[in-house]
1. Take the residues of the stretch 86-109 that are among the small types (Gly, Ala, Ser) and in a helix (DSSP H, G or I): which is nearest to Leu4 (Cα to Cα)?
2. Which of the residues belonging to the stretch 3-17 are of a type in the set (D, E, K, R) and either surrounded by 12 or more Cβ atoms within 10 Å (Cβ to Cβ) or touching a Leu at 6+ places or on another chain (Cβ under 8 Å) (or both)?
3. Inside the stretch 1-81, counting only helices (runs of 4 or more DSSP H) that do not spill past its ends, which hold 1 or more residues that are at pLDDT 80 or above and among the acidic types (Asp, Glu)?
Amino acid sequence: MLNLSVFLEASAGSHPDRDAVVLGDLRLTYAQVNGFANQVANLLVSRGIRPGDKYVAGLTEIRMIQDYIVERARRNDVPVIENESVSEAIGAVLELVLDRAERHARVAS
């Protein structure tokens, strides 16, 4: 299953020292973000919350947060990939990566 936790753990394993989050002067590596995510997950489990337990109850708030993040990303020209299907999302990511690689190659030459 492709989800954020799978991506985060894979990224932390393959390049733990690369920046995952950059917010002004704040920089967090994939290893740091993965560590924080694991701490939060362990805390939730220790309090009896299991995967999916509170998701449905908080769906409205989750959608509001998601919409806010997407709106902010678009306002700041950050590519947003709609995740309606895994194959379409992967194709969109590959398209972005190839486009940036081509632009980088043109600038470098």
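1. Here the answer is Ala89.
2. Within the stretch 3-17, just Glu9 meets the criteria.
3. The qualifying helices (runs of 4 or more DSSP H) are 4-14, 59-75.
The values are calculated or read from the model by the stated rules, or taken from the named source; none is laboratory data. Since we're looking at a predicted model, the values are computed, not measured. Heads up, the Cβs are rebuilt from the backbone with ideal geometry, glycines too, and the neighbour counts pull from every protein chain shown.
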